[in-house]
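Input: a single structure, listed below in structure tokens.
The values are calculated or read from the model by the stated rules, or taken from the named source; none is laboratory data. Just so it is clear, the model here is predicted, and its values are computed rather than measured. Note: ideal-geometry Cβ built from the backbone for every residue, glycine included; neighbour counts use all protein chains shown. When the accessible area is computed, the model is the full protein with side chains, heavy atoms only, and any ligands, DNA or RNA have been set aside. Shrake-Rupley method; radii C 1.70, N 1.55, O 1.52, S 1.80 Å.
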Amino acid sequence: MATPIPPPNAASALPAASDDQQELFTALLDGSNQAILIHDRLEPLYANRRFARLLGFESPEEVIALGWLDDLIPIQRLVRAFVIWSRVLESGQAVSLTEVRGFSRQGVEFYVDIHTRPIQWQGRTVIFSSLYDVTARARVKRELEGNYLRYRQLAESAHDVFWDMSADGRLTQVEGGDDLGHAFSLCLGDRWIDHIPLEARDDATVTAIEAALAAGRAFRSETIPFDLGPLGRRLIEMNGVPVRDEAERLIGFRGTFRDETGAEQARREGELQRNLAALGRVSGGVAHEINNLLQPILTYSRLAADRATNNRDREAMQTILASARQARDIVRTVLEFARPRSLGGLATIPDPIEVIDREIRILAAQAPEIRLTVSHTPDSNRAIFGGPGELGQVVANLLKNAFEAMDGPGTVTVTTAAHADGKALELCIADTGPGMTETVRARVFEPFFTTKEFGKGTGLGLSIVYGVVRRWGGTIQCVSFPGSGTRFTLILPYVTALSPPEGEKPPA
Ligand code: ADP
Ligand code: MG
């Protein structure tokens, strides 16, 4: 390969020297893997082939022929470049810049590390710039940064919390997830298991995670309860993978927390509704049959009581009659429960407080050792949907459960007030009993769910209460923790809250 020796008068000529020396310098500089430019600020004096190629020129001579470098440097950079070169020349010190972005004449983007130092050349101080092409490296880096940014943005847009944990199960980092992320950030440094309620620590889902952590395996959990300071108890889906160092040693775990509280509640609610509907169909049929059988019992026991010739017979008949009436009431409830009427056809209770108080008086007499405190906030005394008998039954069921749970002295507090939105009556029944575990609490409204011994509980009380309250357009909520009692809160819509359809409104 013949290296053209620049003519001595060409602008790209090297300093005057022997032809041998000149050929050697040209060969060295042209063979260099760096792009080299010798210049006096904006005036190009020498360029090697690599420099010419980097900037999209055919030959170094074309670069020199430009006369000025300002076409090669984006206008925004020009001033800065000028300042740097002046500093190099004045201070005599080298300056290095890394990953400077540039474009060739054809618009091809490149990245270079630039090393700039002053040299003596043809009797004056000029600048020797060597440019090392780092385009490939810079691209990979930018791609990585882009990916990182992408994941960050995904992380920020997701509702999940991204966590890191040490090998011994302590949270070392949490990110993302707004309120949930904030709540978890307050747990930093704690072991995750310390935020699982005591009674849930033996649950299969929790022990499965512990086993995966101990074995250094990835895991994907179903929802588990977490106690999260300001957010209280949440149902969290926890996923994680092991993190290892270069020597494949386990150094921790990384994964996500997802708040499934709402979804889980909706799922349970849906399941409950389906269960209740199924129960309704079955019990409706049974109740109908029993109702038919009860009619003659009621009729003839009343007749027999009237005709009894002695007190013993009369009392016996009256006992039968009373039991049959009670059975009829229960059957009626089941029938009501089985065939919900539409809201429009619902009965109303003009004075719910009176009904509640009456029920409390009846039940209080049965449990003298229990302290009952009752308080009504006056505004709550307005008509609600429902039948008075049903409301009595709802209150009776809740009070009975409270009495049975306490099994001895204790306090039951009944309060009524207008709900915060002013559109419903809020009825609270709270007891100082033993409370419930999360597992029990989650199932209380399920038909036939009972923790009581055979013959004592049917597990129907609360599912009937639930069905009745829902049919009135109301809601019922249960808050309970082991050792801190139980509180049922019922929101029962006022009749006035249901505005009549447009056009049917009475004139104001
Ligand atoms: P039952 O009373 O026949 O068992 P319920 O539907 O009335 O059926 O109640 C279901 C379960 O809910 C009860 O067995 C009990 O475990 C729990 N429960 C209900 N109310 C309370 C309460 N006030 N305190 C503690 N546990 C309660
Ligand atoms: Mg009960």
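When the residues of the range 110-127 are filtered to those that are open to solvent by 50 Å² or more (accessible area, probe 1.4 Å) and of a type in the set (D, E, K, R), the one that is modelled with the lowest pLDDT is R124. Taken over the range 459-476, the criterion of being assigned to a strand (DSSP E or B) and either within 14 Å of ligand 2 (Cβ to nearest atom) or not assigned by TED's automatic domain parsing to the domain that holds A383 (or both) is satisfied by I476 alone. For the range 208-230, the set of residues classified as out of contact with any Ser or Thr (no Cβ under 6 Å at 6 or more places or on another chain), buried (at least 17 other Cβ atoms within 10 Å of the Cβ) and within 26 Å of V440 (Cβ to Cβ) consists of T223, P225, F226, L228, listed by residue number.
A424: within 16 Å of ligand 2 (Cβ to nearest atom) and of a type outside the set (F, W, Y), yes or no?
no
Residue count for the range 231-246, restricted to those that are in contact with a strand residue (DSSP E or B) (Cβ under 8 Å, 6 or more places away or on another chain) and open to solvent by 70 Å² or more (accessible area, probe 1.4 Å): 2.
For first residues located in the range 313-330 and part of a helix (DSSP H, G or I), partners that are surrounded by 15 or more Cβ atoms within 10 Å (Cβ to Cβ) and of a type in the set (S, T, N, Q) and lie 6+ apart or on another chain with Cβ distances below 7 Å form the pairs M317/S301; I320/S301; L321/S301; A324/S301. Selection of first residues in the range 437-458 that are more than 13 Å from ligand 2 (Cβ to nearest atom) and of second residues that are hydroxyl-bearing (S, T, Y), restricted to Cβ pairs under 8 Å at least 6 apart or on distinct chains, gives the following pairs, ordered by first then second residue: R441/S480.
Every residue, every condition in (1) open to solvent by less than 60 Å² (accessible area, probe 1.4 Å); (2) touching a His at 6+ places or on another chain (Cβ under 6 Å); (3) assigned to a strand (DSSP E or B); (4) farther than 22 Å from S157 by Cα, yes or no:
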site	(1), (2), (3), (4)
V206	yes, no, no, yes
E248	no, no, no, yes
G252	yes, no, yes, yes
G262	yes, no, no, no
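Would you confirm, using the coordinates I've provided, whether R470 is modelled with pLDDT of 90 or more and open to solvent by 70 Å² or more (accessible area, probe 1.4 Å)? When the stated conditions are applied, R470 does not pass them.
Can you name every one of the helices (runs of 4 or more DSSP H) wholly within the range 13-127 that holds 3 or more residues which are on the phi < 0 side of the Ramachandran plot and among the charged types (D, E, K, R)? Output list reads 19-31, 49-54, 75-91. Is it the case that some residue within the range 405-424 is modelled with pLDDT under 85 and farther than 19 Å from I353 by Cα? Yes; the residues of the range 405-424 include at least one that is modelled with pLDDT under 85 and farther than 19 Å from I353 by Cα.
Taken over the range 62-91, the criterion of being in contact (Cβ under 8 Å) with a residue 12 or more places away in the chain, closer than 12 Å to T116 by Cβ and of a type outside the set (A, V, I, L, M, F, W, C) is satisfied by S86 alone. Against the numbered list (1) open to solvent by less than 70 Å² (accessible area, probe 1.4 Å); (2) in contact with a Gly (Cβ under 8 Å, 6 or more places away or on another chain), D190 comes up short only at (2).
For beta carbons closer than 9 Å, sequence separation of 6+ or different chains, a first residue in the range 391-404 that is of a type in the set (V, I, T) and a second that is within 10 Å of ligand 2 (Cβ to nearest atom) and open to solvent by 10 Å² or more (accessible area, probe 1.4 Å), the qualifying pairs are V394/I464. Under the condition of being buried (at least 17 other Cβ atoms within 10 Å of the Cβ) and charged (D, E, K, R), which residue from the range 379-421 is nearest to ligand 2 (Cβ to nearest atom)? Among them, the one singled out is E390. Scanning the range 10-44 for residues that are hydrophobic (A, V, I, L, M, F, W, C) and open to solvent by 40 Å² or more (accessible area, probe 1.4 Å), we see that the one that is modelled with the lowest pLDDT is A11.
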